[in-house]
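The values are calculated or read from the model by the stated rules, or taken from the named source; none is laboratory data. Note that the coordinates shown come from a computational prediction; the quantities given were computed from them, not determined experimentally. For neighbour counting, all protein chains shown are included, and Cβ atoms are generated from backbone atoms with ideal geometry for every residue, glycine included.
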Amino acid sequence: MIVVTGATGTVGRTVARLLAREHPVRLFVRSPDRLGPVEGLAEGRTEVVRGHYGDGEALRRALEGARAAFLVTNHPTEPDDARFTEAAVAVGLRHVVKLSAYAVGDPDADDFITRRQRENEDVIRASGLDWTFLRPRAFMSNTLSWAESVRAAGVVRALYGDAPHSVIDPRDVAEAAVRALTGPGHEGRAYALTGPEAVTAVEQTEQLGEALGRPLKFEELTVDQARAALLRRCPPVVAEALLRSAERLAAGRKADVSGTFEEVVGRGPGAFRQWARDHAEAFR
């Protein structure tokens, strides 16, 4: 049995679908109604446990009898990694594959989110569990935040349009997670995952326009405009952390390309141009 947390999210949903083809899977979710159709559920390969990290009884029930788990936590202040780790140790889970962040490996990255991810990794290391950390760059799917302005006005608005960023397809992150969960030799490894090339927001706008069959316009946001947009959907501490992270983007600190994904999966990662083609309907 493999447990998947975050199964309603960008990566966890794909991890669950890929695993359910060949493995028994248990999904630990706060809102099962957000799962949609679940592969393997009718055939008995997939179970669903409703709960959250603060519900220790539900968490232990989800982890009981499992050999490995995919861990996604995203609350900025709750000790969810510690709660998960305590329950995992108590029920005898052997291996946890945690979704972390690329910036954890950058000593110059010191924003709130990165510090929290470092602390969470330390909690898991200290637990005695076997662990694998996936540290991806930003997801290509983050550009879905542009969909409304693209549909309404054919415009993409973002910070630092000429700054290169080695963004990764979240489907590739999910595939790396499945390899780590099901194959040998991944314990004690931290995988820095990127896409195949660094692309700027201006280049992403052009490639998205090609996928849509119409030109799009790029408009550079000021920092104040970006802050206001972030505060509409994020807590202030997260918004400020993302702005700090964007400063590193502007300084060219997110342009490096890693070959780790190919080492783990056996093929190269997908390019943004293909992601845009595959998701063009979201922007129409």
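Failed condition for Leu212, given (1) buried (at least 19 other Cβ atoms within 10 Å of the Cβ); (2) farther than 25 Å from Ala20 by Cβ, with all others met?
So Leu212 meets the others, but not (1).
Yes/no matrix, rows are residues, columns are (1) farther than 30 Å from Gly252 by Cα; (2) loosely packed, with under 15 Cβ neighbours inside 10 Å; (3) under 15 Å from the mean Cα position of the chain (by Cα):
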| position | (1), (2), (3) |
| --- | --- |
| Val49 | yes, no, no |
| Thr77 | no, yes, no |
| Ala88 | yes, no, no |
| Arg125 | yes, yes, no |
| Trp131 | yes, no, no |
| Leu144 | no, yes, yes |
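Is it the case that some residue within segment 81-92 is more than 15 Å from Thr5 (Cβ to Cβ), in contact (Cβ under 8 Å) with a residue 24 or more places away in the chain, part of a loop (DSSP other than H, G, I, E, B) and not aliphatic (A, V, I, L, M)? Quick ask: steps written out before the conclusion?
Going residue by residue through segment 81-92, those that are more than 15 Å from Thr5 (Cβ to Cβ) are 89-90, 92.
Still in the list and also in contact (Cβ under 8 Å) with a residue 24 or more places away in the chain: 89-90.
Keeping just the survivors that are part of a loop (DSSP other than H, G, I, E, B) gives none.
No, segment 81-92 contains no residue that is more than 15 Å from Thr5 (Cβ to Cβ), in contact (Cβ under 8 Å) with a residue 24 or more places away in the chain, part of a loop (DSSP other than H, G, I, E, B) and not aliphatic (A, V, I, L, M).
Does Glu78 qualify as being out of contact with any helix residue (DSSP H, G or I) (no Cβ under 6 Å at 6 or more places or on another chain), charged (D, E, K, R) and either assigned to a loop (DSSP other than H, G, I, E, B) or farther than 19 Å from Glu121 by Cα (or both)?
On the way: out of contact with any helix residue (DSSP H, G or I) (no Cβ under 6 Å at 6 or more places or on another chain): yes; charged (D, E, K, R): yes; either assigned to a loop (DSSP other than H, G, I, E, B) or farther than 19 Å from Glu121 by Cα (or both): yes.
Spelling it out, Glu78 is indeed out of contact with any helix residue (DSSP H, G or I) (no Cβ under 6 Å at 6 or more places or on another chain), charged (D, E, K, R) and either assigned to a loop (DSSP other than H, G, I, E, B) or farther than 19 Å from Glu121 by Cα (or both).
With the checklist (1) part of a loop (DSSP other than H, G, I, E, B); (2) out of contact with any strand residue (DSSP E or B) (no Cβ under 6 Å at 6 or more places or on another chain); (3) modelled with pLDDT of 95 or more in hand, flag the one item Ala66 doesn't pass.
(2)
Looking at segment 111-125, I want the residues that are touching a residue at least 40 places away in the same chain (Cβ under 8 Å) and at positive phi and have a partner that is not polar (S, T, N, Q) and not in a helix (DSSP H, G or I) with Cβ atoms under 6 Å, at least 6 apart or on another chain. Which pairs are those?
Close Cβ pairs satisfying both conditions: none exist.
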